[in-house]
Amino acid sequence: MEKTGLNKRITDSALFIYTGRIGLYTQGSESKGRLSFLKGVDLALKTFRDATSYKDPIILIQAELLFLTQEIHFCDKSDKTTLRSIDTAITGFNDALKAISVVKSAKLYKAAEMTYPTADKYRLNGVPKDALHIACNSHRTRLQNTLRTPGMNMNEKALYRQRVDNIMLARALYVEMQRLALEL
């Protein structure tokens, strides 16, 4: 699957989920809404699973970033708490992509790495817990909190679990990039 196809499938899945949720609460459209919602969740789950085959933290983060961007567009403008949460995640992942670009230059990253504390609480496997780590850890917490929602559809829970797995895979792949850049 090429990246363009991945982006289209993520966008489509978010639209199906959004349309489905509206239908679930619209008299006479409940059945169509349920089908659209389930179609969107299934498509998103398959797409996020497929994204793992790239073994590329950039693609994994961009997939999540695109899904979050779609969520924020479909979020009710009066839901300030959710909007702030999604906006924080988007900002964090944009920062994470910048961190990846720095790690790609070993010389530059070696210099940047010296600005991080060496205490264990600021390190993971010897590398700094930088913007990518912060974004992934924060978003994992956000997704895991959502997983605790009572009555959530098990298909939707599977999607949230996959998103958590993707974020943790992105972080693990990034740690390897960091270790290579730092020659650890």
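The values are calculated or read from the model by the stated rules, or taken from the named source; none is laboratory data. Everything quoted here is computed from the prediction, not taken from an experiment. All Cβ positions, even for glycine, are placed from backbone atoms using ideal geometry, and neighbour counts span all protein chains on display. The accessibility values were calculated without ligands, DNA or RNA, using every heavy atom of the protein model including side chains. Shrake-Rupley method; radii C 1.70, N 1.55, O 1.52, S 1.80 Å.
At a glance:
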item: Identity of the residue in the range 131-141, surrounded by 20 or more Cβ atoms within 10 Å (Cβ to Cβ) and of a type outside the set (A, V, I, L, M), that ends up nearest to Gln178 (Cα to Cα); result: His133
item: Residue in the range 16-25 that is within 17 Å of the chain's Cα centre (by Cα) and hydrophobic (A, V, I, L, M, F, W, C) present; result: yes
item: Unmet criterion (only one of (1) assigned to a loop (DSSP other than H, G, I, E, B); (2) under 24 Å from Thr81 (Cβ atoms)) for His139; result: (1)
item: Pairs, first at negative phi and surrounded by fewer than 15 Cβ atoms within 10 Å (Cβ to Cβ) in the range 11-31, second in a helix (DSSP H, G or I) and at pLDDT below 90, C-beta under 7 Å, six or more apart; result: Glu30/Leu24
item: Only one of Thr4, Thr11, Thr52, Thr81 that is among the hydroxyl-bearing types (Ser, Thr, Tyr), assigned to a helix (DSSP H, G or I) and closer than 30 Å to Arg179 by Cβ; result: Thr52
item: Index of the failed condition, Leu65 passing every other in (1) open to solvent by less than 60 Å² (accessible area, probe 1.4 Å); (2) more than 24 Å from Asp165 (Cα to Cα); (3) not charged (D, E, K, R); result: (2)
